[in-house]
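The values are calculated or read from the model by the stated rules, or taken from the named source; none is laboratory data. Fair warning: this is a prediction, and the values are worked out from it, not measured in the lab. Cβ sites come from the backbone with ideal geometry, for glycine too, and all protein chains shown count toward neighbours. Quick note on the areas: whole protein, heavy atoms, side chains included, nothing else; ligands and nucleic acids left out. Shrake-Rupley method; radii C 1.70, N 1.55, O 1.52, S 1.80 Å.
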Amino acid sequence: MRASFRSHGLGQESGPKLRRRLRPWAALLALLLALGLGMAGPRPAAAQDELKIAAVVNDDVITQLDIFARLRAAMLSARLEDTPENRQRLLPTVMRTLIDEHLKSQEARTEGVTVGDGEVNARIATLASRNNMSRADFESMLMGNGILISVLSDQIRADISWSRLVQRKLRPTIRITDAEINESLARAKAAQGKNEYRIAQIFQAVDSPKDAPSVQQSAQRLMEQLQGGADFGSLAQEFSQDTSASSGGDIGWIRVDEADPAIGAELAKLGSGPDVKGKVLGPIQGTGGYYLVQIQDVRQVGISDVAPGSVHMVRLLWRLASNASDKEVAAAQDQADAFAAKPAHSCQEFQALANDATSASFDDLGRVPVDDMPPEIRNLVITQPVGEPTKGIRGDGGVAIFVVCDRGDSKEISRVAIADRLAADRLETLARGYLSDLRRAAYIDLRL
């Protein structure tokens, strides 16, 4: 269905589906009213005002309360004062972020991607630890600020499911050739002695030219929040529309020639003085939208000898004799492919599942030099998502499933590291296009 954006007066819907959708907010609404919290301006006269629909995204609804809760979370995370002015500046960006999250979650469900409660709880525990709190204290802090833990859980679940979908659906389509690696290496050697920058970014997508002015305004509002003292990483986690959002927008070390041309042009002006660190650039109109860029560090490029590289891998092998019949090979292949379809997203999870494969043997292969791998396995170390099992692969010893645990220290200079960076850049482009297609195909009815 063609994307539809409509704007009209606030309305309400009824029926079992909407009642089920709104019921989880009852506890939060009671808390907010008890605390005397509300949207900008006077407190609503009735609870039902908070439950009015602000937007419809295909079959999902976003209520005023959804927006209020996310505004509270964003301001708390970015260490912004909760004022009517700050809410008003962030409101359009929060709305856009919530719409994107619904689109991502809907697509993940359609594609059969699931995220367990344990994964969400582990991410929350990590956030609590970063804030030097226990899980219970962290929840109490959120509640004291008018935020239910379910608000954070929904955001985390959408983030994990989208990342998993992108890795599973798009990463295997990427092929990095030796020629591309050689070209990237040649550029790096040519840049020796020049500056490279460790950057973080906030990306705001422009899906069509008519959207550019509003997106630019949204990026400018975020810049104003940063100039007012907001934390860059927190705003990136909340509002950046690319896969670096989950890591606070961290892109890592990048040379001028590797950056988006518009960003590279700005980096080239910086130099390496002490005032460069912490500087925020933007909004910069670049490929696909507008960017805010934070300079976290600067150093000079230095290239030493380039190693082939290595990866940490595990394997589940259905052993076959060298003279195994076609029937035996087919049976082992079927068992391997069926096992590969089981949900595993890390080497640890895969090893736990491998205990059920009584006819196969599990091996931790440790760090394996890529030069020691057969060609069909060597290609996988770049294209296969980390933690995701391959399909069954026929080899000399039988049929095996492989899982890449990691591709090595990002600091090492290796062909594997170079190829992984090229693949990550390409994956980002594909992921942005995927989300842009979802936006264009969606029915989006704005009522706020």
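Some values worked out for this structure:
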{"item": "Contacts under 8 angstrom Cβ, first residue in segment 141-170 being assigned to a helix (DSSP H, G or I), partner modelled with pLDDT under 90 and among the hydroxyl-bearing types (Ser, Thr, Tyr), 6 or more apart", "result": "Asp159/Ser246; Ser161/Thr114; Ser163/Thr243; Ser163/Ser246; Val166/Thr243"}
{"item": "Restricting segment 371-391 to residues that are open to solvent by 30 Å² or more (accessible area, probe 1.4 Å) and in contact with a Lys or Arg (Cβ under 8 Å, 6 or more places away or on another chain), the residue that is farthest from Ser322 (Cα to Cα)", "result": "Val386"}
{"item": "All positions within segment 234-281 that are open to solvent by 30 Å² or more (accessible area, probe 1.4 Å), over 28 Å from Leu185 (Cα atoms) and not β-branched (Val, Ile, Thr)", "result": "Gln237, Ser246, Pro274, Asp275, Gly278, Lys279"}
{"item": "Residues that are in a helix (DSSP H, G or I) and among the charged types (D, E, K, R), drawn from segment 322-352", "result": "Asp326, Lys327, Glu328, Asp334, Asp337, Glu349"}
{"item": "Checklist (1) charged (D, E, K, R); (2) open to solvent by 30 Å² or more (accessible area, probe 1.4 Å); (3) at pLDDT 85 or above; (4) not in a strand (DSSP E or B) applied to Arg394, failing item", "result": "(4)"}
{"item": "Leu185 open to solvent by less than 30 Å² (accessible area, probe 1.4 Å) and within 14 Å of the chain's Cα centre (by Cα)", "result": "no"}
{"item": "Single match in Gly387, Gly366 (criterion: at pLDDT 80 or above and assigned to a loop (DSSP other than H, G, I, E, B))", "result": "Gly387"}
{"item": "Residues of segment 224-234 satisfying the condition of being touching a residue at least 60 places away in the same chain (Cβ under 8 Å) and out of contact with any strand residue (DSSP E or B) (no Cβ under 6 Å at 6 or more places or on another chain)", "result": "Glu224, Gln225, Gly228, Gly229, Ala230, Asp231, Ser234"}
{"item": "Which listed residue is among the hydroxyl-bearing types (Ser, Thr, Tyr), at negative phi and surrounded by 12 or more Cβ atoms within 10 Å (Cβ to Cβ), from Thr114, Thr126, Thr110", "result": "Thr114"}
{"item": "Any hit, segment 213-222, residues being part of a loop (DSSP other than H, G, I, E, B) and either surrounded by fewer than 17 Cβ atoms within 10 Å (Cβ to Cβ) or of a type in the set (S, T, N, Q) (or both)", "result": "no"}
{"item": "Members of segment 171-209 found to be more than 27 Å from Val280 (Cβ to Cβ), charged (D, E, K, R) and in a loop (DSSP other than H, G, I, E, B), listed by number", "result": "Arg175"}
